[in-house]
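Presented below is the structure to which this report refers.
What follows is calculated from the coordinates using simple rules that are stated; it is not laboratory data. In this text, all values refer to a predicted model and were calculated from it rather than measured experimentally. Cβ coordinates were reconstructed from backbone atoms using ideal geometry, including for glycine residues, and neighbour counts include every protein chain displayed.
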Amino acid sequence: MDIDIDKSWFKDWFNSPYYHLLYNNRDEQEAAAFIDKLLAYLQAPVHASMLDVACGRGRHAKYLADKGYDVTGIDLSIESINIAKKLENEHLSFFQHDMRLPFRVNYFDVVFNFFTSFGYFESQRDNDNALRTLANALRPGGKLVLDYLNSPYVEQHLVYDEVKEKENVVFDIRREVKNHKFLKKINILDKTLLRRATFAESVNAFTRADFEQMFAKQGLVITEIFGDYHFNSYDEQRSPRMVLIAQKP
């Protein structure tokens, strides 16, 4: 099976209502517990400024702002940002922005990139540009949290074919690993609207060594790597996640 991926696949897919329908089962309680653990670990000062990169519809940014931090969320999807903007208040603002382009240099105490919202781009140059944006947005001494899948574990446990049905929409999902990337083709049958659609995803199968190299290139110092949302230590074969915490000198 060969999955063809358009290099700008994310622009269509992340703007699609089907994307949100497919992934709306993300456990918000687990996410909140993870963020609470992160905040305790980071010991961010009261009223710290935070940037949520690839913030989607802003739920996690709002969770942070509700704790008193000054939070900015950016995302490529204008549909998501228009929804997120309804949550705005004096501690919370959202902007449509491409993470490959600079955003507020030397400004934030903490930059977050949650739930594998990185590594989408076709070229290494684009991925480096995105990481440069995250690094440059930090003040000296600021911290980056980049939460990524653990590629060796995911490849070992990859489900190649899967069918899900949600709200009268059938998702026929096929996955493969090719050229150091996880590829996913999603064929959709909407029984209500009687229409079909096809989308694709591509995520780089970055390893710990890849991230160490990329972070060093941006002058970021990795201080900790956790292997899951409960902060167990990272193990390449057993950990489902790779939660990288780095500091800007």
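Which residues' amide hydrogens lie under 5 Å from the amide hydrogen of Thr116, considering only partners 5 or more residues apart or on another chain, with H built in the peptide plane?
Asp147, Tyr148, Leu149
Per DSSP H run of at least 4 residues, take -39500 (n - 2.57); add these up for the chain, divide by its residues and hand me the 222 nm value, nearest 500 deg cm²/dmol.
Helices in the chain give a 222 nm mean residue ellipticity of -8000 deg cm²/dmol.
Count charges around Tyr120 for me, please; just the other residues with Cβ under 9 Å from its Cβ, Lys/Arg as +1, Asp/Glu as -1.
Numbers: positive: none; negative: Glu122, Asp126, Glu201.
Net local charge, Tyr120 excluded: -3.
Defining a contact as two alpha carbons under 8 Å apart and six or more residues distant in sequence, what relative contact order in percent does region 195-249 show? Show your work: numbers first, answer last.
Values: 56 pairs, mean separation 17.1, N = 55.
It rounds to 31 percent for region 195-249.
If neighbour count is taken as other Cβ atoms inside 10 Å, put Arg125, Arg59 in order from fewest to most.
Numbers: Arg125 10, Arg59 18.
With the fewest neighbours first, Arg125, Arg59 line up as Arg125, Arg59.
Alpha carbon centre of region 111-137 versus region 187-208: separation in Å?
Spelled out, the Cα-based centre of one part sits 22 Å from the other.
Mind checking which aspartates and glutamates have their C-alpha under 14 Å from Lys191, skipping anything on the same chain fewer than 8 residues away?
Answer for Lys191, where 14 Å is the Cα cut-off: Glu165, Glu167, Asp172, listed by chain and number.
What percent does the relative contact order of the chain come to when contacts are Cα pairs within less than 8 Å and at least six residues apart? If you can, show how the numbers build up before the last one.
Numbers: 491 pairs, mean separation 44.4, N = 249.
Once divided by the residue count of the chain, the mean separation gives 18 percent.
For Lys7, give me every one of the lysines with a C-alpha distance below 21 angstrom, ignoring sequence neighbours fewer than eight places off in its own chain.
By straight Cα distance, Lys7 reaches Lys178, Lys181, Lys184, Lys185.
Among Ala54, Ala31, Ala135, which one moves the most in a GNM of the chain with springs linking Cα atoms closer than 10 Å?
Ala31
Roughly what % antiparallel, to the nearest 5, for the DSSP beta bridges in the chain?
Numbers: 40 of 58 bridges.
About 70 percent, rounded to the nearest 5.
Taking Rh as the Kirkwood radius computed over C-alpha pairs, what is the Stokes-Einstein D of the chain at 37 °C in a medium of viscosity 0.692 mPa s, expressed in µm² per second? If you can, show how the numbers build up before the last one.
Details: Rh = 18.8 Å.
Taking Rh from Cα pairs, D becomes 175 µm²/s.
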